[in-house]
């Protein structure tokens, strides 16, 4: 007679739960779900919230931005009982919804403000408002309730925003970078970053900056307004071609010091990005686009890729992938570790001109000249045929002034109608707790 030996059951009977926990920690989420069906003993052990929490923390290290956003969403809208297991279920449902192109849409009216920039993180959405007194409106991301209005610091128009933990950074047209504390709602420091090589003191400029990995990287250059922000907000022709990059290190959450300054002749920084492993800096001269992969420890160059620069060049970086659109309008995927091209999507796969391109850990989003939004799911392009699908189209009465997205949502600023009313439109791919909120109104007293 064949005897079946249940090692897990024996270990639990001998009170060796730590050993069992190590064994289960080696399994992926799908196999953990299967283990629940083996026996009552296995079921009780696998249902332990600490096991799922440890598994979630391991996944968080691979993609911290996504899992932090998912966690913040879960705290707001999922019951705390078995939270971490529910987060894994929500992640699976979200991935399926992206593949199927399914999402919930809801919006809030934000009045007739002249809004220049939109950004978000795991907890908040921030809007840069132009006017006589430029200000920053902050909304709680998962409830869309008004959080605060930051104003009165600098009178120059805001040109860029970035949320970082409980702080928000803004750059202004006069060359100033401000840092606000979102808990105390106070301005904690501002920097007059006039480091542009050869710049005049009275010259308007745009400060391009990026805060990550305990560093603040900034560079400034003359600013010429664009007609349409979807034509790439950093593609305007500069007055000079010399660039100075300033690297500052945070000594504390509210104090930083200049670590070094780099001068680059005949060059202009087009974009700064980062992920958990590297910084990526996109820098061009009249003919060449240099893409530098830099260290998160000290912003030193690790490797460099050079491609031909042209007026319709588009580029993005995230999760170890560089994506470029070349002169022939082919889309190329580069491995950031080796700077080798791993995939080329020829022009006939996506014939429309690309106006904007953004990348996260699971999707590449392209916006064409008709402001239609297309999605390519990653990393399936390495395994099978390439297929973009149109996620949504805009009609003639709509105009999307700005947008941002991550693995859970696409958030766009919508302008339409005869009164040019602004709306914040959210397309939600997770959808829990949102079915009864098809239309909302901003609770800000200023709307």
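The values are calculated or read from the model by the stated rules, or taken from the named source; none is laboratory data. Nothing here was measured: the structure is a model prediction, and the numbers come from that model. Positions of Cβ are generated from backbone atoms using ideal geometry, with glycine treated the same way; all protein chains shown enter the neighbour counts.
Points worth noting:
- Index of the failed condition, residue 307 passing every other in (1) within 28 Å of residue 260 (Cα to Cα); (2) out of contact with any strand residue (DSSP E or B) (no Cβ under 8 Å at 6 or more places or on another chain): (2)
- Test result for residue 122, over 18 Å from residue 414 (Cα atoms) and in a loop (DSSP other than H, G, I, E, B): yes
- Residue in the range 131-140 that is in a loop (DSSP other than H, G, I, E, B), closer than 14 Å to residue 426 by Cα and modelled with pLDDT of 90 or more present: no
- The requirement of being part of a helix (DSSP H, G or I), at pLDDT 90 or above and buried (at least 20 other Cβ atoms within 10 Å of the Cβ) is satisfied by residue 87.
- Tally, over the range 329-361, of residues that are touching a strand residue (DSSP E or B) at 6+ places or on another chain (Cβ under 7 Å), in a loop (DSSP other than H, G, I, E, B) and touching a residue at least 24 places away in the same chain (Cβ under 8 Å): 6
- Restricting attention to the range 263-280, the residues that are over 24 Å from the mean Cα position of the chain (by Cα), surrounded by 14 or more Cβ atoms within 10 Å (Cβ to Cβ) and assigned to a strand (DSSP E or B) total 1.
- So residue 17, is it surrounded by 15 or more Cβ atoms within 10 Å (Cβ to Cβ) and modelled with pLDDT of 85 or more: no
- Residue within the range 65-74 that is in a helix (DSSP H, G or I), at pLDDT 85 or above, surrounded by fewer than 13 Cβ atoms within 10 Å (Cβ to Cβ) and in contact with a helix residue (DSSP H, G or I) (Cβ under 9 Å, 6 or more places away or on another chain) present: no
- Residues that are part of a loop (DSSP other than H, G, I, E, B) and either touching a residue at least 40 places away in the same chain (Cβ under 8 Å) or under 17 Å from residue 337 (Cα atoms) (or both) within the range 299-312 comprise 299, 300, 311, 312, listed in sequence order.
- Residue match in the range 222-245 (condition: at pLDDT 90 or above and either on the phi > 0 side of the Ramachandran plot or under 21 Å from the mean Cα position of the chain (by Cα) (or both)): no
- Condition met for residue 329 (surrounded by 15 or more Cβ atoms within 10 Å (Cβ to Cβ), at pLDDT 80 or above and at positive phi): yes
- For the range 337-376, filtering for residues that are at pLDDT below 90 and at positive phi leaves 1.
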